[in-house]
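Nothing in this text is a laboratory measurement; each read-out follows from the coordinates by a stated rule. Computed from a predicted structure; not experimentally measured. Cβ atoms come from the backbone with ideal geometry, glycine included; neighbour counts cover every protein chain shown.
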There are 2 protein chains.
Amino acid sequence: MAERPSVPSPPRLVDVARAAGVSLATASRAMTGSTGVSAEVAAHVQAVASRIGYVPNSHARALAGGQVSMVGLIVHDVGDPYFGEIARGVLHETELRGYLALISQTQRDPRAELARIRALRAHRVRLLVMAGSGYVRAASQGSTGADADMAAEVRSFTAAGGRLAVIGRHHLPVDAVLPDNAAGGATLMRHLIGLGHRRLGVLGGPPNLTTVEDRLAGLRTAFGAAGLDWRSVPVVHGDFTREGGAAATARLMRAHPDLTAVVALNDPMAVGALSWLLNGGRRVPGEISVTGFDDAPVARDVYPALTTIRLPMAGMGKQALDLVLRPPAGRPRRRRTSHELVVRASTAAPRA
Amino acid sequence: MAERPSVPSPPRLVDVARAAGVSLATASRAMTGSTGVSAEVAAHVQAVASRIGYVPNSHARALAGGQVSMVGLIVHDVGDPYFGEIARGVLHETELRGYLALISQTQRDPRAELARIRALRAHRVRLLVMAGSGYVRAASQGSTGADADMAAEVRSFTAAGGRLAVIGRHHLPVDAVLPDNAAGGATLMRHLIGLGHRRLGVLGGPPNLTTVEDRLAGLRTAFGAAGLDWRSVPVVHGDFTREGGAAATARLMRAHPDLTAVVALNDPMAVGALSWLLNGGRRVPGEISVTGFDDAPVARDVYPALTTIRLPMAGMGKQALDLVLRPPAGRPRRRRTSHELVVRASTAAPRA
DNA sequence: CTGAAAGCGCTTACAG
DNA sequence: CTGAAAGCGCTTACAG
């Protein structure tokens, strides 16, 4: 209809080829940097392309069998400092290598996770990093419905040539970067026991997360190893957020007013605990010690500065991307991270 | 060669059409929800599609003229709380509407910004949100090279039908969400003047950012309106980070040891200032007051809790996405945000 | 309402 | 090293 389209369409590879006086095939080879073109011709084509402002159509490329230059990243919540740091690490690597990152949030909803993976597959993303805890299996049987669905989805993704690495999630037959949750929990508990604490309470995140389970296991092991009875330690669960931490602290302290230490299973919860305790006039660490987990950037600037376990979050993101870029191994790879106890001002010996 | 490909290829729309006993065209209409199919046929096709696990190939769709279901988001740094909150807002909206988000970091490098936009255009992204300050024009001429390049890129993007909204950036002929930087700066300054401060210093971010310029302008206006001489106020520049804030504070305090208030132009810098001052044994706010800007999540949990200007960051992300989803107006739209002074513990009257 | 056919912009065997 | 041609998996006029 319209002789002159109102929206000028961008130049295509044919336009480049014509302008450079070569065939489409040659132009394609020159632009993708593949072999089979003389260096001079390639250089000439590239010069022409940049002169006329040619930008390859990635959809046509992907459809024709070229590589998809996008990697997928699934996190629970980009605003959370833990995932923010991981995302920063992944993005940094991603961009170095000329990929673009497709990011999704799932807010810890297993069904949203499945939906996101499917959406990513619709975009033929072959490289995928999933950060965030997995879910504890139902006690009664092998696996919950959500678990089984996820495992099936993952199997079908990798069977179709997809590469997936998870961060902080086991139970999935793929490459994994595993933060040192259990060992970190144990280190933290030894620190508190060494200080003299015996009556302590735990602020757990959602009880169905394996991360919570693992950190608890570490605490329990070290507590038992000191000859103490873990059954004396109250654990209350709440959201892995500042608000969740404050609410859980309220419940914990009302039921057990005599605790000398509160162990939060991530930093935002610990910040919530500090806020609740300080507002209530409790002195930290004078009357009660508080610890976190992760060493998010906020940990060193809160009052009092938080004793916590440092995990190399941005590095974990980078590692996951490295795994995904590598061809699959015979069996899933596991990269265990280090952890480091960071002692700051929020812990001290209990008062006699 | 291989009779049985080792990687099973996913079902295509033809497979769905065949299994449902309809033509390709009908299957396509049923799957995209377009008109021209009877409701029964559409339902049947959809049922078949889901039974055989069909996932549409988004590249083929995009190439054939369907919609690209991705939106681009460009930020300076996802790990920074300001951009983390904005990203959270954009992603939330994005996912509600069934889009996927392509996120890029530019680390405040104008050339990286250009490269990212081009990469996004290669993916035929039509919807784009760019968050982060623009750059101050060179004093000598109309615009710097980077500025001109960006304006040209943006014009060409929108001319080709692309929709772009910026957050916190003027000087670009597109829809914009503009945080209340100047007014916020003025509010903050009035707060400090009201408290009795006269000798204050400013911790500016990179001097080439319009955000810095605008916040400074607000401070200056309110200072002048109180009959005070702005030339008496030292301004030192540094990175918009905790480290940048600490370093700038060191320079500021060495040159002007008698200041009674330090005004940081974003929260991370203020946190750095607190850290430097407290480490040096200064009492905040007893000896010296400190203020931030943005009200990032960290602001209320640092010691002492930060007096700052609250900007609705997640809401700004949502608004930008709304703008981009709307057809373009005759002239660029401007959405000015509100701001709110949040008085916490880091400010007090100066000592007599 | 339904179908046959063209075409979106590339890449990659296949020939030369 | 270079080119002509097929094909990737869809959508959308164009006919019926």
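Given the C-alpha atoms of the range B:224-331, compute the convex hull and give its volume per residue in Å³.
Details: hull volume 15.9 nm³, N = 108.
Here the figure is 147 Å³ per residue.
Percent antiparallel among DSSP beta bridges with both residues in the range B:127-270, to the nearest 5?
Details: 1 of 16 bridges.
Around 5 percent of the beta bridges assigned by DSSP in the range B:127-270 are antiparallel ones.
Sorted by average packing, counted as other Cβ atoms within 10 angstrom per residue and highest first, what order do B:28-36, B:113-121, A:26-34 take?
Ranked from most to least packed, the peptides come out as B:113-121, A:26-34, B:28-36.
Could you list, bin by bin from short to long, the percent of Cα-Cα pairs of chain A in 10 Å steps?
5, 22, 25, 19, 13, 8, 6, 3, 0
Name the long-range amide H neighbours of B:Arg335: under 5 Å, sequence gap of 5 or more, or other chain; modelled H, no Pro or chain starts.
So B:Arg335 has HN proximity to B:Ala176, B:Val177, B:Leu178.
When the Karplus curve 6.51 cos²θ - 1.76 cosθ + 1.60 is applied with θ = phi - 60°, which whole-Hz ³J(HN,Hα) does each residue of the range A:318-323 get, with x for Gly and Pro?
For the range A:318-323, the Karplus curve yields 4, 4, 4, 5, 4, 4 Hz.
Considering only the protein assembly as shown, what is the antiparallel percent among its DSSP beta bridges, to the nearest 5? Let's see the in-between values first.
Working: 12 of 78 bridges.
Roughly 15 percent of the DSSP beta bridges within the protein assembly as shown come out antiparallel.
From the backbone phi of the range A:75-90, what are the Karplus-calculated ³J(HN,Hα) couplings (6.51 cos²θ - 1.76 cosθ + 1.60, θ = phi - 60°) in whole Hz, Gly and Pro given as x?
10, 6, 6, 5, x, 5, x, 4, 6, x, 5, 4, 4, 4, x, 5
Test of understanding: ordering A:Arg88, A:Arg215 by Cβ neighbours within 10 Å, fewest first, what list do you get?
Working: A:Arg88 22, A:Arg215 30.
Ranking A:Arg88, A:Arg215 by Cβ neighbours within 10 Å, fewest first, gives A:Arg88, A:Arg215.
Could you tell me the relative contact order of chain A? Use alpha-carbon pairs under 8 Å, at least six residues apart, and round to a whole percent. Could you put the intermediate results ahead of the total?
Numbers: 638 pairs, mean separation 55.3, N = 352.
It comes to 16 percent, rounded to a whole number.
Net charge around A:Ile74, counting only other residues with Cβ within less than 9 Å of its Cβ (Lys, Arg = +1; Asp, Glu = -1)? Write out the running numbers ahead of the final one.
Details: positive: A:Arg116; negative: A:Glu113.
Around A:Ile74, the surrounding residues sum to 0.
List the residues whose amide H sits under 5 Å from the amide H of A:Val136, counting only those 5 or more places along or on another chain, with H placed 1.01 Å from N in the peptide plane.
A:Leu209, A:Thr210
Among the DSSP beta bridges whose two residues both lie in chain B, what percent are antiparallel, rounded to the nearest 5? Can you show the working numbers first?
Working: 4 of 37 bridges.
In chain B, DSSP labels about 10 percent of beta bridges as antiparallel.
Based on alpha-carbon centroids, what's the gap between the range A:243-299 and the range B:206-231 in Å, whole number please?
40 Å
Mind listing the Cα extents of the range B:13-56 along all three principal axes, in Å, largest one first?
23, 17, 15
As a test of the formula, what do you get for the protein assembly as shown when each DSSP H run with n ≥ 4 contributes -39,500 (n - 2.57) and the sum is divided by the residue count, at 222 nm and rounded to the nearest 500 deg cm²/dmol? Don't skip to the answer; put the middle values down first.
On the way: 24 runs with 302 residues, N = 704.
Value at 222 nm, helices only, nearest 500: -13500 deg cm²/dmol.
Return A:Val78, A:Val174 ranked ascending by Cβ neighbour count within 10 Å, so the fewest neighbours appear first. All intermediate terms of the calculation are to be shown ahead of the outcome.
Working: A:Val78 28, A:Val174 22.
So the ranking, lowest neighbour count to highest, is A:Val174, A:Val78.
For the ranges B:322-328, B:53-59, what's the packing order if you count other beta-carbon atoms within 10 Å of each residue, average per peptide, and put the highest first?
Numbers: B:322-328: 15.6, B:53-59: 19.4.
With the highest mean Cβ count within 10 Å placed first, the list reads B:53-59, B:322-328.
From the mean inverse distance of alpha carbon pairs (Kirkwood) and the Cα radius of gyration, derive Rg over Rh for the range B:256-303.
Values: Rg = 10.2 Å, Rh = 10.8 Å.
Across the range B:256-303, the Cα-based Rg/Rh ratio is 0.95.
Take every residue in peptide B:49-61, count the Cβ atoms of other chains within 10 Å of its Cβ, and give the average of those counts. Let's see the in-between values first.
Values: counts 0, 0, 0, 0, 2, 0, 7, 2, 7, 10, 13, 5, 4.
Other-chain Cβ atoms within 10 Å of each residue's Cβ, averaged: 4.
Averaging the inverse of every distinct alpha carbon separation and then flipping it gives the Kirkwood radius. What is it for the range A:308-349, in angstrom units? Each step should come with its number before you reach the end.
On the way: mean 1/r = 0.0783 Å⁻¹.
About 12.8 Å, per the Kirkwood formula over Cα pairs.
Averaged across the residues of A:292-300, what count of C-beta atoms belonging to other chains lies within 10 Å of each residue's C-beta?
Mean partner-chain Cβ count within 10 Å for A:292-300: 2.
FRET efficiency for A:Arg137 and B:His171, Cβ-Cβ distance as r, R0 = 56 Å, nearest 0.05? Please list the in-between numbers first.
Values: r = 55 Å, r/R0 = 0.99.
Efficiency at R0 = 56 Å is approximately 0.50.
Which residue, B:Val37, B:Val263, B:Val236, has the most motion in a Gaussian network model of chain B that connects Cα atoms within less than 10 Å?
B:Val37
For Cα pairs less than 8 Å apart in space and 6+ apart in sequence, what is the mean separation divided by the residue count of the range B:181-311, i.e. the relative contact order in percent? Walk me through the intermediate numbers first.
Numbers: 245 pairs, mean separation 30.6, N = 131.
Value for the range B:181-311: 23 percent.
In a shell of Cβ-Cβ distance under 10 Å around A:Pro350, excluding A:Pro350 itself, what net charge do Lys and Arg (+1) and Asp and Glu (-1) give? Can you show the working numbers first?
Numbers: positive: A:Arg198, A:Arg199, A:Arg351; negative: A:Glu287.
Value of the local net charge: +2.
Mind listing the phi-derived Karplus ³J(HN,Hα) values for the range B:233-248, rounded to whole Hz, using 6.51, -1.76 and 1.60 with θ = phi - 60°, and x for any glycine or proline?
Along the range B:233-248, the couplings run 9, x, 10, 10, 9, x, 4, 7, 9, 4, 5, x, x, 5, 5, 5 Hz.
Measuring from label point to label point, each 7 Å out along Cα→Cβ, what is the B:Ala25 to A:Arg351 span in nm?
According to this spin-label approximation, the distance is 8.4 nm.
On a 0 to 90 degree scale, rounded to 10, what angle separates helix A:181-195 from the longest Cα axis of chain A?
Helix A:181-195 and the main axis of chain A meet at about 30 degrees.
Measure of size requested: the Rg and Dmax of the range A:35-96, with Cα atoms as the atom set and Å as the unit; please supply both.
That works out to 17.9, 51 Å for Rg and Dmax.
From other protein chains only, count the Cβ atoms within 10 Å of every residue's Cβ in B:158-167, then give the mean.
For this peptide, the per-residue mean of nearby foreign Cβ atoms is 1.
Relative contact order for the range B:13-56: what percent, with Cα pairs under 8 Å and sequence separation of 6 or more?
On the way: 39 pairs, mean separation 17.8, N = 44.
Answer for the range B:13-56 is 40 percent.
Quick one: what does P(r) look like for the range A:81-124 with 5 Å bins over all Cα pairs, in whole %?
Calculated over all Cα pairs of the range A:81-124, the distribution is 5, 19, 22, 23, 23, 7, 1 percent.
Assuming 0.36 nm per residue, please report the length gained on full extension of the stretch B:Arg254 to B:Ala64 beyond their Cα-Cα distance.
Values: separation 190, 0.36 × 190 = 68.40 nm, distance 6.43 nm.
Full extension from B:Arg254 to B:Ala64 adds 62.0 nm.
For B:Val343 and B:Leu325, calculate 0.36 nm times their separation in residues minus their Cα-Cα distance, and state this gained length in nm to one decimal. Provide the component values of the computation, followed by the final result.
Working: separation 18, 0.36 × 18 = 6.48 nm, distance 3.63 nm.
Roughly 2.9 nm would be gained on extension.
I need the Kirkwood Rh of the protein assembly as shown: take the reciprocal of the average 1/r across all distinct C-alpha pairs and report it in angstrom.
Values: mean 1/r = 0.0359 Å⁻¹.
Every distinct Cα pair counted, the radius reaches 27.9 Å.
If amide H atoms are built 1.01 Å from N in the plane of the peptide, which residues on other chains or at least 5 residues away come under 5 Å of the amide H of B:Met130?
Distant-sequence amide H within range of B:Met130: B:Ile74, B:Ala165, B:Val166, B:Ile167.
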